[in-house]
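One structure below.
The values are calculated or read from the model by the stated rules, or taken from the named source; none is laboratory data. Remember, predicted model here, so these are calculated numbers, not experimental data. Neighbour counts are summed over all protein chains in view; Cβ atoms, including those assigned to glycine, are modelled from backbone coordinates with ideal geometry.
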Amino acid sequence: MTQPTLVALSSGSVPSGVAVIRLTGPQSFAAVAALAGGLPRPRQASLRTLKDPANGQPLDQGLVIVFPAPHSFTGLDCAELQVHGSPAGVKAILSVLTAFEGVRLAGAGDFTRLAFENGKLDLTEVEGLGDLLAAETESQRRQALTRFDGALSRRVGDWRQALLDLRAEIEARLDFSDEDDVPFELPAHFKADIESLENQLADALARYDSGRIVREGFRIALAGAPNAGKSSLLNALAGSDVAIVTSEAGTTRDTKDVTIDLGGMLVIVTDTAGLRETDSLAEQEGIVRARRAIGHADLVLWLEAPDVETIPRPQGIDTPIWIVSSKTDIGAAAPDSDFALSMKDKDSISVLLSKLEDHIKTRIRTNEPGLISHLRDKAALEAAAENLHQAIAHIGIPELCAEDLRQASDQLAELIGLIDTEHVLDRLFAGFCIGK
Amino acid sequence: MTTYEVIIVGGGHAGCEAAAASARLGVPTALITHRRATIGEMSCNPAIGGLGKGHLVREIDALDGVMGRVADKAGIQFRVLNRRKGPAVRGPRAQADRKLYREAMQSELSETPNLEIVEGEVDDLVVEHGRIAGVQLLDGRVFSARAVVLTTGTFLRGLIHRGDEMIPAGRAGEGPVLGLSLRLEALGLKLGRLKTGTPPRLDAHSINFAVLNEQIGDNPPEPFSALTSAITTPQISCFETRTTPQAHAIISSNLGRSAMYSGRISSRGPRYCPSIEDKIVRFSDKDSHLVFLEPEGLDDPTIYPNGLSTSLPEDVQLAFLRAMPGLENVVIKRAGYAIEYDHVDPRELSPSLMLRALPGLYLAGQINGTTGYEEAAAQGLLAGANAALAAKGAAPLILSRTNSYLGVMIDDLISRGVTEPYRMFTSRAEFRLHLRSDNADQRLTDLGIGVGLVGQERREHHCERMARLDAGKSLLTRLTATPNEARKAGVNVNADGVRRSAFQLLSYPTTQRADLEAIWPELADIDDKSFEQLAIDAQYAVYLDRQQADVEAVQRDEAREIPDWLDYALLPGLSNEMKQKLIDAKPQTIAQAQKIEGVTPAALTLILAVIRRGRLDKKAS
Ligand SMILES: Cc1cc2nc3c(=O)[nH]c(=O)nc-3n(C[C@H](O)[C@H](O)[C@H](O)COP(=O)(O)OP(=O)(O)OC[C@H]3O[C@@H](n4cnc5c(N)ncnc54)[C@H](O)[C@@H]3O)c2cc1C
Ligand SMILES: Nc1nc2c(ncn2[C@@H]2O[C@H](COP(=O)(O)OP(=O)(O)OP(=O)(O)O)[C@@H](O)[C@H]2O)c(=O)[nH]1
Ligand SMILES: [Mg+2]
């Protein structure tokens, strides 16, 4: 495996109507086949349900097209997935793809570069690159500005310092072990320092979600049995009749997103089809989509009503679930519900809204923007955390430990700036009296 | 006028290696140096190798250079440093007898076919039609050549400082070289100034060794060269003493008289080789520093006190020395000093070590801003080989960061330049686990054979060794065992039912050769040296495999040259700041451009695109 397989969202930012995910490189076809349950004929679009091969969970439905080498954009095997442009869905697909051995997220310009290498771009396209570059640097500049201010830049500075200290300590023992001032043993706090850095990375990873929520919006799914009152609640939250409400079970067939502003935060509320066994093909498809919406949500409001038979609540998902008893005007709320409301009681709706606002605020944790809000940064951070983990395991084998630390700094280069040998040596000479 | 193909100027470590390499390639070569008797002189510490440097010596040896073999003849105490650490960071080092080293080097060169040694000082270069054509000596003689290698060391406008004394000199007791700097400046080259220092030399008879710690070398000593079967020179001990608070007080109260601290020297010295003044000022919390007392030879009463480089006046040097244990009655044979000299900004060089401004002129050694015998010798070998290859009309030998420390050093020099004298460290090599002192021959000898740089003896030796290694490796990978079998033999693997090869089992740190031989008696056929090497490969195998993709990426980018016609000012989309950085740094390959701060992948893509278009345009016209 010499060449990595690159994957990227190549259609601009989501949410959008359609999102195009592109893969190129030796593993592209294997990865796509695993998600789409086989490969379509070359260069012919085919509608497939994409599933997570790890658990068979459906991710989305979309068009799959494959372009075998050399007749492709990059000259290597290429595949394109055209899926729904929802941020959560795209994110889920990218995570599943990058979980394949040898598949990684593409960096800026990577695809174009591959295309050049394989002689796939013609001269007019080359002219266009200048513009591409200007746009790219402008957006990078803006991104860098928002990223590296105040508290954030201080934290980044701390990581950088910690990595420099760690590397200088260990490199001193490798390059200057014959020096009087360099003891054989690593300092007693060395391991704890790596662990502390690893924890800080883990913490930033945990904040990844808050960065995403700020950028893409907080997703609430309304779910439950047919007739539980989901669409009615959607209308109440939206303040207008966006969804059809009838007394017939199975009214809602497709998911419906409504965007609301809650205390300045973007919230996307998704109404879903009531869950039940059904022979209707359209309703079945609606239920598939409902389950997916539940999987992608940041919070699920599970509705139960006195006049509707209860069905098993969703289990084994990471997403928080609030049990909401509706229609309290016609019967008592379930004793274990988290919240009770009625469309007839406007106050109960405002209380729900203010509870949601509080909850979202705590989910964003602080007002500080997330240090990482892009999948690519997240991937780098995860890799660096893994390198640090290895470094701890290799503490008794200094040249391997040093290698792990070097790789961790390489991974973090885009976040904390490049740490190269010269920096390590600067730090080392400042701290140790070296030289005979 | 006498005519050669290649002329090497300077008989220091770079020059010797350059001359030998050029001559090995079968090209008529002249080595012009001040005096035959100072060929192979060690200006400073009488030792070869060490961490990072020992790696370079093994690489020189792998390309059939002379330093390793000469050091094996002259070595009087051998030690492998970092023995308690992993094989990737072990560095062979030897204390050398200064006189034996000189003699061995001189006889090596005088026996080298195609090589003539000329005494004299080169004062100017002969340039014709924008190319080097020869050299002119101070005495008026002119020699012509197709290619010239300058290895003038610390001699260019060399200036010795000791207290408030300033003596123009190339080395203690030898005059400076003044003419060449003017010529290099006239070529429009940027010259910089660096400094280094050396400790006083002591008379062994005046030292009380009885009160000092003795340091003994390895037994048996491990030679540098693959061609040396055993070290036959007698081995000696070194001794340790320490500076004392009293010595520190003497130095502190005389700082104003140090050339460094009185402001008379402004150029940068190496941070890893500070003067004793520096150590005491910068690390004032330490009240004692270790000093090694190293004999300069078997029958030489001179002692080199390693760790006491200084530019204090001689009376202060004597006073602080006498405040140290064992040195109460010491006699100084020659006082320490600091020296300042000119060097050329190495960013003016191409990866073949040829000056871009003057085709045919190559530079190697201290003149490029490096320090150390091994750094000089390694560059000398490459510059000498490339001068000869150019004279033959052959393509240059270019090394990569991915295959050698020599490649790392040259890439660092030509892409970053120097701000202090450059020395090799293992931390400079990102592929350190692969670039080991034990496998230098596997990394480089075939390359050397390819360009004709390797003589018959080494070629045969190398082919045999590779054949043994290959046979050993294929045996180790062919033999496999179940977890049960492995555990029975004492190798603690997971009972996961997966068969593992003997090679895989070797990667477990606790696996002993005897454990494996218990399962497979035929492994006894592998010779010890090969087995040891294969065990090291096995130990790092996981990392080496993982690094392979990085290695290939670096190699690809190193191979992508940025042609001279590329004009960054005309590139659309690059910020002015980025343009300026690229114009200043003059990267010669995409790999170098990548190292410039702020250059984004998209910018590199643009550069590649424009290069490609330029090539197509040229083809079309
Ligand atoms: C005082 C001092 C202290 C040092 N301290 C250290 C140290 O602490 N650590 C360390 O690693 N290294 C140290 N060095 C450096 C080490 O000695 C050099 O790096 C190494 O010797 C450089 O090798 P070279 O071949 O480039 O030059 P040199 O070994 O200096 O050899 C230059 C040779 O060229 C000849 N030559 C010069 N100009 C001409 C000319 N125009 N015509 C003809 N012949 C010419 C000279 O006679 C000499 O033989 C020190 C050097 C000195 C002088
Ligand atoms: N009394 C009372 N009736 C309600 C309330 N909320 C909803 N209903 C009624 O319950 C019925 C079903 O409401 P919907 O909002 O359509 O229910 P749903 O969960 O979207 O149903 P499906 O789309 O079929 O899954 C309608 O007749 C509503 O008018 C409430 O708070 N009080
Ligand atoms: Mg509904």
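Out of the residues in the stretch A:230-256 that are under 18 Å from A:Asp347 (Cα atoms) and among the hydrophobic types (A, V, I, L, M, F, W, C), state the one that is farthest from ligand 1 (Cβ to nearest atom).
Among those residues, the one meeting the criterion is A:Ala236.
Could you identify the single residue in A:Gly224, A:Gly229, A:Gly239, A:Gly217 that is more than 14 Å from chain B (Cβ to nearest Cβ) and surrounded by fewer than 18 Cβ atoms within 10 Å (Cβ to Cβ)?
Values: A:Gly224 fails: surrounded by fewer than 18 Cβ atoms within 10 Å (Cβ to Cβ); A:Gly229 fails: surrounded by fewer than 18 Cβ atoms within 10 Å (Cβ to Cβ); A:Gly217 fails: surrounded by fewer than 18 Cβ atoms within 10 Å (Cβ to Cβ).
Of A:Gly224, A:Gly229, A:Gly239, A:Gly217, the one residue that is more than 14 Å from chain B (Cβ to nearest Cβ) and surrounded by fewer than 18 Cβ atoms within 10 Å (Cβ to Cβ) is A:Gly239.
Pairs under 9 Å by beta carbon, first residue within 14 Å of chain A (Cβ to nearest Cβ) in the stretch B:347-370, partner more than 16 Å from ligand 1 (Cβ to nearest atom) and at pLDDT 95 or above, six or more apart or different chains?
From residues that are within 14 Å of chain A (Cβ to nearest Cβ), there are no pairs.
In the stretch B:281-310, how many residues are β-branched (Val, Ile, Thr) and surrounded by fewer than 23 Cβ atoms within 10 Å (Cβ to Cβ)? Spell out how you get there, then give the answer.
Going residue by residue through the stretch B:281-310, those that are β-branched (Val, Ile, Thr) are B:281, B:291, B:302-303, B:310.
With surrounded by fewer than 23 Cβ atoms within 10 Å (Cβ to Cβ) added as a condition, the list becomes B:281, B:302.
The total comes to 2.
Which of the residues belonging to the stretch B:369-378 are more than 8 Å from ligand 1 (Cβ to nearest atom) and over 13 Å from B:Gly52 (Cα atoms)?
Across the stretch B:369-378, the qualifying residue is only B:Gly369.
Would you mind telling me which numbered condition in (1) more than 10 Å from chain A (Cβ to nearest Cβ); (2) under 23 Å from A:Phe432 (Cβ atoms); (3) buried (at least 21 other Cβ atoms within 10 Å of the Cβ) B:Leu327 fails?
Checking B:Leu327 against (1) more than 10 Å from chain A (Cβ to nearest Cβ); (2) under 23 Å from A:Phe432 (Cβ atoms); (3) buried (at least 21 other Cβ atoms within 10 Å of the Cβ), the one that fails is (2).
When the stretch B:262-282 is examined, which residues are found to be more than 22 Å from the chain's Cα centre (by Cα), within 14 Å of B:Ala247 (Cβ to Cβ) and at the interface with chain A (Cβ under 9 Å from one of its Cβ atoms)?
Within the stretch B:262-282, just B:Lys279 meets the criteria.
Between A:Ile419, A:Ile395, which is part of a loop (DSSP other than H, G, I, E, B) and within 19 Å of A:Gly107 (Cβ to Cβ)? If you could, list the steps in order and put the result at the bottom.
Numbers: A:Ile395 fails: within 19 Å of A:Gly107 (Cβ to Cβ).
Testing whether each residue is part of a loop (DSSP other than H, G, I, E, B) and within 19 Å of A:Gly107 (Cβ to Cβ) leaves just A:Ile419.
What about A:Ser348, is it assigned to a loop (DSSP other than H, G, I, E, B) and either out of contact with any Ser or Thr (no Cβ under 6 Å at 6 or more places or on another chain) or within 13 Å of ligand 2 (Cβ to nearest atom) (or both)? So that I can check it myself, show each step before the final result.
Details: assigned to a loop (DSSP other than H, G, I, E, B): no; either out of contact with any Ser or Thr (no Cβ under 6 Å at 6 or more places or on another chain) or within 13 Å of ligand 2 (Cβ to nearest atom) (or both): yes.
Considered against the rule, which asks whether it is assigned to a loop (DSSP other than H, G, I, E, B) and either out of contact with any Ser or Thr (no Cβ under 6 Å at 6 or more places or on another chain) or within 13 Å of ligand 2 (Cβ to nearest atom) (or both), A:Ser348 comes out as no.
Of all the residues that make up the stretch B:60-95, how many are of a type in the set (D, E, K, R) and within 14 Å of chain A (Cβ to nearest Cβ)? First the steps, then the outcome.
Kept after step one, since they are of a type in the set (D, E, K, R), are these residues of the stretch B:60-95: B:61, B:64, B:69, B:72-73, B:79, B:83-85, B:90, B:93.
Filter again for within 14 Å of chain A (Cβ to nearest Cβ), leaving B:79, B:83-85, B:90, B:93.
Selection size over the stretch B:60-95: 6.
Collect the residues in the stretch A:310-340 that are part of a loop (DSSP other than H, G, I, E, B), farther than 30 Å from A:Tyr208 by Cβ and away from ligand 3 (no atom under 16 Å from the Cβ), keeping them in residue-number order. Working first, answer last.
From the stretch A:310-340, those part of a loop (DSSP other than H, G, I, E, B) are A:310-320, A:326-338; that's our starting set.
After this cut, where a residue has to be farther than 30 Å from A:Tyr208 by Cβ as well, the list is A:310-312, A:326-337.
Once the filter is applied, which keeps residues that are part of a loop (DSSP other than H, G, I, E, B), farther than 30 Å from A:Tyr208 by Cβ and away from ligand 3 (no atom under 16 Å from the Cβ), the stretch A:310-340 yields A:Thr310, A:Pro312, A:Thr328, A:Asp329, A:Ile330, A:Gly331, A:Ala332, A:Ala333, A:Ala334, A:Pro335, A:Asp336, A:Ser337.
Does A:Leu262 fit the bill of being at pLDDT below 90 and either more than 24 Å from the chain's Cα centre (by Cα) or not assigned by TED's automatic domain parsing to the domain that holds A:Leu352 (or both)? So that I can check it myself, show each step before the final result.
Working: at pLDDT below 90: yes; either more than 24 Å from the chain's Cα centre (by Cα) or not assigned by TED's automatic domain parsing to the domain that holds A:Leu352 (or both): no.
So A:Leu262 fails the test.
Please pick out the residue among B:Arg499, B:Arg513 that is of a type in the set (Lys, Arg) and within 13 Å of B:Ala535 (Cβ to Cβ).
On the way: B:Arg499 fails: within 13 Å of B:Ala535 (Cβ to Cβ).
Just one listed residue meets the conditions, B:Arg513.
Where in the stretch B:516-613 are there helices (runs of 4 or more DSSP H), lying wholly inside it, with at least 3 residues that are hydroxyl-bearing (Ser, Thr, Tyr)?
Counting at least 3 such residues, we get B:528-559.
Among the candidates B:Met424, B:Met409, which residue alone is within 14 Å of chain A (Cβ to nearest Cβ), crowded, with 24+ Cβ neighbours inside 10 Å and in a loop (DSSP other than H, G, I, E, B)?
Numbers: B:Met409 fails: in a loop (DSSP other than H, G, I, E, B).
After ruling out the rest, the residue left standing is B:Met424.
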